[in-house]
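Structure first, then comments.
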Amino acid sequence: MQPLEQEKENADREQLEQLLEEGRQKPTVPSSMSPSDSAENSSTTAKLVFCFVGLQASYLTWGVMQEKIMTTQYSPTPLVEDGYFPSATFCVFSNRFLAIIVAAAICMKIHGTLQTAAPLWYYSPCALSNTLSSWGQYAALKFVSFPLQVLFKSAKVIPVMMMGKVLNRATFPAIEYAEAVIITVGVAIFGLSKTHSGGSEDGKTTEFFGLLCLTLYICSDAFTSQWQDRIYKAYPKQIDQFQMMYGVNCSAIIITMLALVFSGELMAVTEFLSYHPQALWYNIITAITSATGQLFIFYTIKQFGPVVFTIIMTTRQMISMIISTLLFGHSLSSGSYVGAFLVFGAVFYRIRRKQLDKAARAAAAGGR
């Protein structure tokens, strides 16, 4: 997935629509607890800590490695004269390579077969969009800062809503449009408030290309989740999240391999990694943490539901921005902090609103 990407996170990552629908909240522990209740509460707390630490460790490491791969300048090689890692496509390929192994192992353990109810070609549209999404995410780091990339991800609620209306005829209340507007304004303020090293036309052009990569990322990501939702609806209760992970990655690895060969990047990557094996280790660590992140996503949603999961991942975004700013020396202006506050404020409000809505529906159903 995503990575398990799927922060994962992809790392990779809207392959969870079915789990999100099935996610459940743990019941509140009563004030007078028996010893068995107390033991269960302790076990639940331990599981929550395990999920939090696992998700943070996986996706924070994944984010740092991702930035190191795309922004570290090595000594030039005959085929890569600028010294930067030459292929965002290879980064996507390495993540998919490990993800398909993990997904295949889980499918064999659970189902005893790699065959899915849907034919493999049916996964191809979302596999292509998932590949484009991951490529845009990696490629953007050559042109824009990691903190901007992190905030830009929050704006994907807009294309998700648009794709939902187009593909699945979904409807949304006015409050969701308002939240989307606030998030977009926050991202715009953050992007426009960054400290510029210069006002050259070349700098503006490369930054604009970075924003195009990020736009490709969130639009493709939105299409991925909506197409996966179509697959789940076309094959209700016949395909689980691990089969989805396997099917999508089967098509994605073919797409990325063909792209590497026909673009000529495979030769450049092979030479570059032979000169700079450290870059290979960065890719391996990224692939591993993407896969572990996906597994922690599944486990967290299964145990605690989508609300707890979303809070943990939003917290991860904030921490990753801080780590990136400290490790890679990104400068943030006062306007950047205002933009970040608007985005994260809207996201947390959205989480709280959905939690209250769910509680109200549950209370109304219980009162019948």
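The values are calculated or read from the model by the stated rules, or taken from the named source; none is laboratory data. On a predicted model such as this, the values are computed, not experimentally measured, just so you know. Every residue, glycine as well, gets a Cβ built from its backbone with ideal geometry; the counts of neighbours run over all protein chains shown. Calculation scope for accessible area: heavy atoms of the full protein, side chains included, ligands and nucleic acids excluded. Shrake-Rupley method; radii C 1.70, N 1.55, O 1.52, S 1.80 Å.
Numerical summary
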quantity	calculated
Every pair of residues 6+ apart whose Cβ atoms lie under 8 Å, when the first sits in region 115-135 and is more than 26 Å from C91 (Cβ to Cβ) while the second is open to solvent by less than 10 Å² (accessible area, probe 1.4 Å) and not in a helix (DSSP H, G or I)	T116/I239; A117/I239; A118/I239
Considering residues of region 320-347 that are within 20 Å of K156 (Cβ to Cβ) and not small (G, A, S) only, the residue most open to solvent (accessible area, probe 1.4 Å)	F341
First in region 50-75 and farther than 19 Å from F298 by Cα, second anywhere and buried (at least 21 other Cβ atoms within 10 Å of the Cβ) and of a type in the set (G, A, S), Cβ under 6 Å, 6 or more apart	G63/S320
Unique residue being touching a Phe, Trp or Tyr at 6+ places or on another chain (Cβ under 6 Å), of a type outside the set (S, T, N, Q) and either surrounded by fewer than 21 Cβ atoms within 10 Å (Cβ to Cβ) or under 16 Å from K153 (Cβ atoms) (or both) when the list is G293, G305	G293
Unique match (being acidic (D, E), surrounded by fewer than 17 Cβ atoms within 10 Å (Cβ to Cβ) and over 20 Å from S124 (Cα atoms)) among E265, E271	E271
Region 110-164, residues that are among the aromatic types (F, W, Y), open to solvent by 10 Å² or more (accessible area, probe 1.4 Å) and out of contact with any Gly (no Cβ under 6 Å at 6 or more places or on another chain)	W121, Y122, W135, F152
Flag for R350 being open to solvent by less than 20 Å² (accessible area, probe 1.4 Å) and out of contact with any Lys or Arg (no Cβ under 9 Å at 6 or more places or on another chain)	no
